[in-house]
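Below is one structure, written out as structure tokens; the observations come after it.
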Amino acid sequence: MLVVHGTVGELQPALAALTALLARVVLVDNNEAPSAELARQASAVGGVELLHQGNRGGLAGAYNRALRHLQEAVDAAALTPPRQIVFVDQDSDPAVLGAFLADPEVRALLARDDVAAVAAAYRDRATALRARYIELGRWRLQHLPREFGGSRRVAFVINSMSVWRLDALARLGDFDETLAIDHVDTEHCLRARRQGLAVWVHGSHVFAHAIGRRKRYRLFGRDLQATGHGPARRRMIGRNTMLLLRRWGGREPAFARLCLLRLAYEATGIVLAEEQRATRLAALLRGALEGLFARRAP
């Protein structure tokens, strides 16, 4: 499943690589109006199932639409449903996907009933920093080193370049369209955790990925990165972070702490590495207050 929103860019090589690796490729055009360029590239590759979602429900809506499409196709033709779903973002390089899917350790994890998803690790295109993954207990959280090899059980992965077991997705329900973009994957990982399903990342398989317009900076001798998101997205981040804190903080105290740390990290990046500091900080705060004082957490 590949979701595209905004500028299409050159996706034909990625589509060709995906069709060579996967039994079915569903491409979701999440632009408000259907993209003729995206349709052209999909047609040129062949074997791509193109859907138009129109950004209804944001990224979560696109995921839900693709999953419904796959289920409807299975039901209509009485096909055997796929065992796994691969999520890919338009800003990700899928070049490592073949080796990742063929890795015996990844295959073994995906064969386990207690596993929800396995993901490759990502490195940001702009800063060259690898993501820091988190181990989460009820009261304790720990950040793993940026660089590690092999598989590690973690609390959260981003959806891009993750492989989810379909029966796990069925247990977890639809992606939350009230969140639209930010923390859509976080919410699903929390649901998996509640169901006793594990999420793993394999640090030996690394893909290039872009989130926002990140800028690298140093603080107290550590390399950090500001996301570079504009005010509207910062408002969404603040809102969704507090919504999830309200939903999950009572039963997951360490996650509540993580939410507050995330807001502090966003604010620090704005102050030390970005422009429009006052506007972006105000948007982040406004969103956080909206999420905190909403009549009820959706």
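The values are calculated or read from the model by the stated rules, or taken from the named source; none is laboratory data. On a predicted model such as this, the values are computed, not experimentally measured, just so you know. Counting neighbours? That spans all protein chains shown, and the Cβs are built from the backbone with ideal geometry, glycine included.
Would you say E10 is of a type in the set (D, E, K, R) and part of a strand (DSSP E or B)? It is false that E10 is of a type in the set (D, E, K, R) and part of a strand (DSSP E or B). Residue count for the range 78-94 satisfying the condition of being in a loop (DSSP other than H, G, I, E, B) and farther than 18 Å from G6 by Cβ: 6.
Could you tell me whether any residue of the range 287-295 is of a type in the set (D, E, K, R), farther than 24 Å from R130 by Cβ and modelled with pLDDT under 95? Within the range 287-295, one or more residues are of a type in the set (D, E, K, R), farther than 24 Å from R130 by Cβ and modelled with pLDDT under 95. Within the range 233-265, the set of residues being touching a residue at least 12 places away in the same chain (Cβ under 8 Å) and small (G, A, S) comprises G238, A254. Assessment of the range 196-210 against the conditions (at pLDDT below 95, at positive phi, surrounded by 15 or more Cβ atoms within 10 Å (Cβ to Cβ) and not β-branched (V, I, T)) yields no matching residue.
Applying the condition of being small (G, A, S) and surrounded by fewer than 21 Cβ atoms within 10 Å (Cβ to Cβ) to the range 211-227 and asking which residue is nearest to A111 (Cα to Cα) yields G212.
Among the residues of the range 60-78, just one is farther than 14 Å from V26 by Cβ and in contact with a helix residue (DSSP H, G or I) (Cβ under 9 Å, 6 or more places away or on another chain), namely A60.
Results for (1) without any contact (Cβ under 8 Å) to a residue 24 or more places away in the chain; (2) under 16 Å from the mean Cα position of the chain (by Cα); (3) part of a strand (DSSP E or B); (4) over 22 Å from A226 (Cα atoms), shown as yes or no for each residue.
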position	(1), (2), (3), (4)
A76	yes, no, no, yes
V96	no, no, no, yes
F100	no, no, no, yes
R123	no, yes, yes, no
A126	no, no, no, no
R132	yes, yes, no, no
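All of (1) among the hydrophobic types (A, V, I, L, M, F, W, C); (2) surrounded by fewer than 22 Cβ atoms within 10 Å (Cβ to Cβ); (3) under 23 Å from I211 (Cα atoms) hold for A170 with one exception: (3). Is it the case that P104 is over 27 Å from I211 (Cα atoms), without any contact (Cβ under 8 Å) to a residue 12 or more places away in the chain, surrounded by fewer than 18 Cβ atoms within 10 Å (Cβ to Cβ) and of a type outside the set (S, T, N, Q)? For P104, the condition - over 27 Å from I211 (Cα atoms), without any contact (Cβ under 8 Å) to a residue 12 or more places away in the chain, surrounded by fewer than 18 Cβ atoms within 10 Å (Cβ to Cβ) and of a type outside the set (S, T, N, Q) - is met. For the criterion of being crowded, with 22+ Cβ neighbours inside 10 Å and either among the aliphatic types (A, V, I, L, M) or at pLDDT 95 or above (or both), A117 passes.
Checking L281, L258, L243, L272 one by one, the residue that is surrounded by fewer than 16 Cβ atoms within 10 Å (Cβ to Cβ) and not assigned by TED's automatic domain parsing to the domain that holds L141 is L272 and no other. Picking from residues in the range 102-121 that are assigned to a strand (DSSP E or B) and β-branched (V, I, T), the one that is nearest to D223 (Cα to Cα) is V118.
Of the strands (runs of 3 or more DSSP E) lying entirely inside the range 184-243, the ones with 2 or more residues being in contact with a strand residue (DSSP E or B) (Cβ under 8 Å, 6 or more places away or on another chain) and more than 21 Å from C259 (Cα to Cα) are found at 198-209, 215-219. Set side by side, the residues L97, L79, L129 differ, and just one is surrounded by 17 or more Cβ atoms within 10 Å (Cβ to Cβ) and among the hydrophobic types (A, V, I, L, M, F, W, C), which is L97.
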